[in-house]
Each structure stands twice: as C-alpha cells, then as structure tokens.
Amino acid sequence: MSHVTMDTATSRANPTPAPMKRLTVPAIRDRKGKDPIVMLTAYTTRMAQLLDPHCDVLLVGDSLAQVIYGLPSTLPVTLDMMIAHGAAVVRGSWHSLVIVDMPFGSYEASPEQAFASASRVLAETGAAGVKLEGGETLAPTVEFLTKRGIPVVGHVGLTPQAVNALGGYGARGRSNAEHAQIIDDARAIAAAGAFGIVVEGVVETLAREITAAVSCPVIGIGASAECDGQVLVIDDMLGMFERTARFVKKYDDLAGRISAAVETYAADVRSRSFPGPDQVYAPRD
C-alpha cells in the first residue's frame with residue numbers, strides 16, 4: 001500500500017519529517033497491473049508536504065501555467081519556471097517519486113536539445129524523471145534520454161502543448177484513424193523505454209486498450225478506471241476553480257471555504273474585533 005503515516009508534523013520551521021526511503025522508478029514500473037498508482041500534480045513545497053503521504057508520484061505539471069500564473073495555456077511556460085517549482089516540490093516530499101514536465105520548446109528540436117533540458121531539470125531539482133508530450137515522432141527522443149540515464153514518462157492522447165494543432169481540448173480517439181494513431185503512439189513511447197505513460201482525454205475503450213497493449217504503467221486522466229493509475233490537477237480536484245474538465249471529480253470546495261474564511265476575516269477587521277486579546281502582546285510587568 002502507498003499510504004504513509006508520519007508522526008512528525010511539518011511547519012515552515014520544520015518542513016520535512018524524518019527521512020525515509022523514496023519510491024523509485026523501478027518500483028513504479030513494477031506496479032503495472034498491480035496496485036493502482038496514485039498521482040497528483042504539485043507546484044509548491046507546502047502542497048507537496050500535504051500530498052506526499054498519500055501519493056506514489058507527484059507531477060510538477062506545466063499546468064502551473066494556468067493554476068499558478070494565470071496564463072491562457074501551457075505554451076508560455078519556461079524551463080526555468082519548471083525547475084523552480086520542481087525543486088520546491090522535491091524539498092517538500094520524502095516518499096513520492098517526483099516527475100517534472102518538460103515545457104513546450106525545450107525538447108522538440110532534437111534529442112540533444114531534450115537531453116540538455118532534461119539533464120538540467122534532474123540536476124537542479126533532484127527529481128527522478130521528466131515527462132514529454134508526443135507519440136511516434138518523439139520515440140527517438142525518449143530512447144535517446146533513457147539510454148543516457150534520464151527516466152521518462154510519456155504523454156499521449158490529448159496533449160495540451162499541441163492545442164493549436166489539435167484545435168482544442170476535446171476528447172481524442174473517436175475516429176478509427178485517430179484511435180489507431182494513439183495506440184501506435186503509446187506503443188512507440190513504451191518501446192522507446194518510457195517507464196510510464198500518461199493517457200489524457202481519450203474515449204474510455206481506447207484507454208483500456210492502451211493499458212493492455214503496453215508493458216509500462218498507464219496513468220489515466222480523463223481515460224478509464226482500468227488504467228494502472230490516475231492523475232488529476234490538485235487545484236481542480238480540491239475545487240479551487242469553478243470550471244473544470246468533465247473528467248474532474250471535485251473532492252472539496254476549497255474556493256468556497258477560502259472565500260467564506262476571508263469574508264469572516266474582513267468583517268472582524270472592519271468591526272475591530274480582530275486582533276483580540278489572544279492575538280496581541282501584553283506589556284511586561
């Protein structure tokens with residue numbers, strides 16, 4: 001089981017509990033067809049601390065574009081941004097495997113460009129691997145990286161970095177031709193050495209077919225419960241945004257709770273009931 005119980009509390013002064021053995025790439029690869037892999041995105045140290053005991057993999061996703069920076073898509077994300085957030089998540093975790101998204105433009109030009117970018121990510125963050133979007137055309141790059149010691153997670157189906165080429169964020173694999181191409185993409189990435197593949201936004205039957213077709217774990221997002229694991233954007237599943245994709249299940253309404261808490265704080269300030277006696281310092285005798 002992946003759930004971890006730690007007795008040591010964390011705080012800004014004591015950010016990380018006592019060291020323990022972190023999950024490894026081989027351990028995640030070996031979960032194929034076994035216990036489902038729990039993955040969530042994380043972008044900050046504090047969120048990593050909260051998610052880490054419950055997750056197997058923390059993904060520092062380029063979704064930080066919209067979630068953290070308010071950008072319209074993932075395309076403007078830079079390698080420096082991913083490295084900064086990747087290092088923060090590694091500092092806040094001690095159990096989960098940490099994977100960092102490679103941003104648009106940092107790996108597509110050539111395998112050599114991809115290696116230069118990925119080696120920076122691993123060296124400067126301490127993460128265990130990187131994630132690349134793309135199918136058959138990226139297979140040589142995945143092979144180039146894995147043969148040089150860089151673990152890779154693939155990403156097929158709906159690939160947000162290709163939103164302009166795809167024409168939007170709709171589900172993929174509805175036509176026979178697209179269905180066959182996505183299967184070929186997954187097989188090519190797996191054969192190239194990826195230790196896992198994220199399958200996003202595809203029809204459910206296609207996700208099940210991909211899971212059965214490849215030897216590495218398949219992590220679904222808008223895919224199928226039959227995948228080897230699941231991933232969601234943390235802010236989506238916690239209810240931080242009113243509008244989310246159809247495949248998101250909201251497990252809380254943090255936006256509503258935060259709004260209510262701030263409303264109460266504002267009322268206390270305006271009524272001068274905050275700070276009260278418990279929040280101020282008395283003079284010395």
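List of remarks:
- Odd one out for Ser2, checked against (1) surrounded by 15 or more Cβ atoms within 10 Å (Cβ to Cβ); (2) at pLDDT 95 or above; (3) closer than 23 Å to Val218 by Cα; (4) touching a strand residue (DSSP E or B) at 6+ places or on another chain (Cβ under 7 Å): (2)
- Residues being open to solvent by less than 10 Å² (accessible area, probe 1.4 Å), farther than 17 Å from Val90 by Cβ, not in a helix (DSSP H, G or I) and not hydroxyl-bearing (Ser, Thr, Tyr) - total across segment 101-134: 2
- Test for Glu124: is it charged (D, E, K, R) and in contact with a strand residue (DSSP E or B) (Cβ under 7 Å, 6 or more places away or on another chain): no
- When we screen Asp278, Asp268, Asp228, Asp236 for residues that are under 28 Å from Ala48 (Cβ atoms), acidic (Asp, Glu) and free of Cβ contacts under 8 Å to residues at least 40 places away in the same chain, the only hit is Asp236.
- The lone criterion from (1) surrounded by fewer than 18 Cβ atoms within 10 Å (Cβ to Cβ); (2) free of Cβ contacts under 8 Å to residues at least 40 places away in the same chain; (3) over 19 Å from the mean Cα position of the chain (by Cα) left unmet by Asp184 is number (2).
- Exclusive hit being more than 19 Å from the chain's Cα centre (by Cα), crowded, with 19+ Cβ neighbours inside 10 Å and of a type outside the set (S, T, N, Q), set Val214, Val262, Val231: Val214
- Hey, Asp52 open to solvent by less than 10 Å² (accessible area, probe 1.4 Å) and over 23 Å from Thr141 (Cα atoms) or not: yes
- Yes/no for Ser224 being open to solvent by 50 Å² or more (accessible area, probe 1.4 Å) and of a type in the set (S, T, N, Q): no
- If you go through segment 95-117 and pick out every residue that is of a type in the set (A, V, I, L, M, F, W, C) and more than 16 Å from the chain's Cα centre (by Cα), you end up with 4.
- Candidates Phe274, Phe195, Phe241: the one that is modelled with pLDDT under 95 and of a type in the set (Phe, Trp, Tyr) is Phe241.
- Residue check: Gly167 meets all listed conditions (1) at pLDDT below 95; (2) on the phi < 0 side of the Ramachandran plot but one, namely (2).
- Restricting segment 60-100 to residues that are part of a helix (DSSP H, G or I) and either more than 26 Å from Pro26 (Cβ to Cβ) or without any contact (Cβ under 8 Å) to a residue 12 or more places away in the chain (or both), the residue that is most open to solvent (accessible area, probe 1.4 Å): Asp80
The values are calculated or read from the model by the stated rules, or taken from the named source; none is laboratory data. What you are looking at is a predicted structure, and each value in this text was computed from that prediction instead of being measured. Every residue, glycine among them, receives a Cβ derived from its backbone with ideal geometry; neighbour counts consider all protein chains shown. Please note that ligands, DNA and RNA were not included when accessible areas were found on the heavy atoms of the full protein model with its side chains. Shrake-Rupley method; radii C 1.70, N 1.55, O 1.52, S 1.80 Å.
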